[in-house]
Amino acid sequence: MKRRDFFRDSVLTAGAMVAALPEASGLARPLPLPKSGEKLALESSRLRLEYDLGLGQFSLYRSDGKPLLLNVMAVAVFPWGLALASDPTFARRSRQLSSNDPGVEGEQLVVECVDSAKRLNLESRLTLLRERPGIVLELILNNTSPGEIWVRQSEPLRALRDEQSGCFFGADSQYSEVQKVLRHGYLYSDPGDVIDIIGNGRREITSVWNSAFCLAGGETLVVGFVENRTAEGHVHSGWNMTQPAMAGQAAFDLSGRSYYNRHFLLKPGARVSSGRLLFLLSPDPFSGLEYYAETYSRLHQVKLNPVLNGWCFWFYTHTRATEEEQLRNAAFIAQHLKPYGMEWIQIDDGYQRALGDWEANELYPRGMKWLAGKIRELGLRPGLWIAPYAISENTEVARNHPEWLVRRASGELYTVVHNRAKYALDITHPGARQWLYELIKKITDDWGYDFIKIDFVEWSLLAAERYHDPSVSKAQAYRLGFETMRQAMGTGRHLLDCGPGPVTVGLLDSMRIEQDLP
C-alpha cells in the first residue's frame with residue numbers, strides 16, 4: 001500500500017479519524033469513535049469552559065450559554081501523520097492550577113494526554129482570564145520515547161467544520177455576521193490589510209501572529225499568539241456558505257497553528273511548546289488589539305524606549321552613498337536639525353566589501369571606525385546596518401568555514417535567492433555564533449556604533465528547512481541570533497529588527513514597519 005503524505009492531505013472527520021506517529025508505518029490507522037466522559041469546567045463572570053475528558057475536546061460558552069467554540073481539539077503534526085488529543089488511545093488526566101503570569105492571570109486547566117505506546121504525550125493548558133472575557137491556550141509536546149520524532153507544527157486550537165467543530169462568534173443565524181477580518185503579514189514587506197468578507201460564499205484567510213474578527217455592531221474577536229519564542233504562530237480562518245449550518249448557526253473554521261520547521265527534531269525526553277494563544281472578546285477592534293499588545297508587553301516584560309530621530313541615506317541613494325556624502329549630510333543635520341531632536345546618522349547597505357565581509361569598501365577609504373568618530377565629533381550618534389546571516393560566495397566565511405552555512409536536509413549547501421549573496425549563516429553552529437558575537441563586538445566596542453539595524457533575514461536564516469542543530473526551530477534560531485547580538489552589544493545600545501519582531505520581543509529595541517521606497 002502506498003504511503004500517504006498526511007501533513008499535506010490527511011482528512012479527519014468525526015466518523016473516521018486517522019493518526020500516525022513517526023515510529024508507526026505512516027499508513028492510515030482507523031480509530032474507534034471516542035466516548036464522552038467526565039466533564040471538567042472553569043467559569044468566569046463572562047465565559048464558561050467545558051472539557052470532556054472522554055472526547056479529549058473542549059468547548060467555550062458565553063455566560064448566557066451561547067457557544068463561542070465547540071468541540072475544539074489540540075493537534076501535533078508530523079511529516080507523515082497527526083497526533084490528536086481526541087485519540088481514544090490516549091489516557092487523559094487533569095489538574096487545576098492558578099496562572100499568575102503577568103497578563104494571563106486566571107484559573108488554569110491542565111489536561112495531559114498520555115500515550116499508551118509511550119511515544120508522544122500532549123499537554124493542553126487552558127487558562128480562563130480573570131479580568132477579561134478571554135482564554136489563553138497552549139499545547140506542549142513531550143517525547144517520551146527512546147527515539148527521535150520529527151515535528152512540523154502543533155495546533156493548540158483546532159476548530160474545523162469538517163470535524164464537527166467550529167467558531168460560533170457572530171453565528172446567531174444561519175449566516176455569519178462577521179463583516180471584516182484584520183489580516184497580519186509576516187514582515188514589514190507585508191503589513192497586512194482589513195478584508196471585507198460580506199458576500200463571499202467561500203473564503204480562507206491566513207494571518208501571521210494575530211487576527212481580528214469584527215461584527216457590524218463593533219464587537220470583535222481577537223485571536224493571536226502572545227508567545228512566539230519556540231514557534232511562529234499563524235491564525236487560520238475560513239467560511240464556506242455551501243456547508244450546512246450547525247444547529248441553525250453559521251460557524252466558521254478557526255485554528256491557531258505553531259510552525260517549528262519543515263525538519264524539526266524533538267529529541268528523546270524533550271518538550272516543545274506551541275507558545276500561548278489568546279482568544280479574546282472585545283466591544284470594539286481597537287480596545288481588543290490594545291489589550292492584545294498590552295498582554296504581549298506584560299508577559300515579556302517589554303520596556304519601551306524613546307523614539308530615535310535620525311537620518312538614513314538608503315531611500316535616495318541606495319548603495320551608492322560615499323563617505324564624503326555621509327559627512328556632508330551629517331554636518332547639515334548637526335547645524336540645522338539637531339536643535340529639533342535629530343541626533344542619529346545611520347549608515348545603510350553599500351559600505352561593506354561584501355555580504356559577510358563587513359570591512360569598508362572603496363567608497364569608505366578611511367574605514368568605518370574613522371567615520372563613526374567623525375560623526376561623534378559633530379555631536380551626533382552613529383548607527384550601522386548589517387545583514388548578519390547573508391554570506392557572499394567570495395567571503396572568508398564561505399571559503400574557509402562551509403560548516404557554518406545552512407544546509408538542506410540532503411546535506412547540500414542551501415543557496416539563497418539574492419544577487420549579492422549565495423549562502424546563509426547557520427547560527428545554531430557554535431563557530432558561526434562565535435563569529436557573529438565577535439562581529440557585533442567589533443562594530444560596537446571597537447568601531448563605536450551605538451545602533452545596529454538587522455536586515456535580510458527572511459530569505460537567509462529564516463528560509464532554512466533545517467539547521468546544524470535540527471532540534472532548534474526557526475523561531476528559536478532567530479531568537480538565538482538576537483540573544484547573541486544582545487550579549488555582545490549590551491543593553492545600553494539600540495538594536496533594530498527588520499525581521500519578525502514577535503519572535504525577538506524582549507530582545508529588540510525597535511522594529512521596522514515601513515516598506516522600501518523606489
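Over the stretch 339-396, what per residue volume does the convex hull of the Cα atoms give, in whole Å³?
86
The Rg/Rh ratio for the stretch 201-263 is 1.05, where Rg is the radius of gyration of the alpha carbons and Rh is the Kirkwood radius. When each of the peptides 35-45, 79-89 is scored by how many other beta carbons lie within 10 Å of its residues on average, the order from highest to lowest is 79-89, 35-45.
Of the solvent-accessible surface of the chain, computed with a 1.4 Å probe and all protein chains present, 50% belongs to carbon and sulfur. Treating each Cα of the chain as an identical point scatterer and ignoring solvent, apply the Debye formula and state log10 I(q)/I(0) at q = 0.13 Å⁻¹. Per q value, in the given order, log10 I(q)/I(0) is -1.25.
Multiply the residue separation of Arg298 and Gln96 by 0.36 nm, subtract the distance between their alpha-carbon atoms, and state the gained length in nm to one decimal.
70.4 nm
In terms of packing, defined here as the mean over residues of other Cβ atoms within 10 angstrom, the peptides 389-401, 182-194 line up highest first as 389-401, 182-194.
Using Cα pairs closer than 8 Å and at least 6 residues apart in sequence, work out the relative contact order for the chain, in percent. Once divided by the residue count of the chain, the mean separation gives 11 percent. For the stretch 412-453, the square roots a ≥ b ≥ c of the C-alpha gyration tensor eigenvalues yield an a/c of 1.5 or more together with a/b not exceeding b/c, which makes the shape oblate. Within the stretch 349-383, list the residues whose amide N lies under 17 Å from a label point set 7 Å along Cα→Cβ of Asn305. What the label zone holds, given the 17 Å backbone N cut-off, is 380-383. The mean accessible area for residues of the stretch 136-285, using a 1.4 Å probe and ignoring ligands and nucleic acids, is 36 Å² per residue. Where the centroid of each part is defined by its Cα atoms, how far is the stretch 64-142 from the stretch 298-339 in Å? So the two Cα centres are separated by 47 Å.
Rounded to the nearest 500 deg cm²/dmol, what is the calculated helix-only ellipticity per residue at 222 nm for the chain, with -39500 (n - 2.57) per DSSP H run of length n ≥ 4? Mean residue ellipticity at 222 nm (helix-derived): -4500 deg cm²/dmol.
I need the shape label for the stretch 257-336. Rule: rounded when a/c is under 1.5, else prolate if a/b > b/c, else oblate, with a, b, c from the alpha carbon gyration tensor. In terms of gyration-tensor shape, oblate.
Rolling a 1.4 Å probe across the protein heavy atoms gives the stretch 382-477 an accessible surface of 37 Å² per residue.
A crude spin-label estimate for the pair Glu290 and Glu403, with each label 7 Å from Cα along the Cβ direction, gives 5.5 nm.
Provide the net charge surrounding Gly288, with neighbours chosen by a C-beta distance below 11 Å and charges set as Lys +1, Arg +1, Asp -1, Glu -1. My count for the surroundings of Gly288 gives -3. Computed over neighbours whose Cβ is under 12 Å from that of Ala398, the net charge equals -2, Lys and Arg +1, Asp and Glu -1. The residues packed around Ala159, meaning those with a beta-carbon under 15 Å from its beta-carbon, carry a net charge of -4 if Lys and Arg are +1 and Asp and Glu are -1.
The values are calculated or read from the model by the stated rules, or taken from the named source; none is laboratory data. Treat the numbers as computed from the prediction; the structure is a model and nothing was measured. Here the Cβ is made from the backbone with ideal geometry for all residues, glycine too, and neighbour counts use every protein chain on show. The protein model used for the area step is the full one, side chains on, heavy atoms only, and it has no ligands, DNA or RNA in it. Shrake-Rupley method; radii C 1.70, N 1.55, O 1.52, S 1.80 Å.
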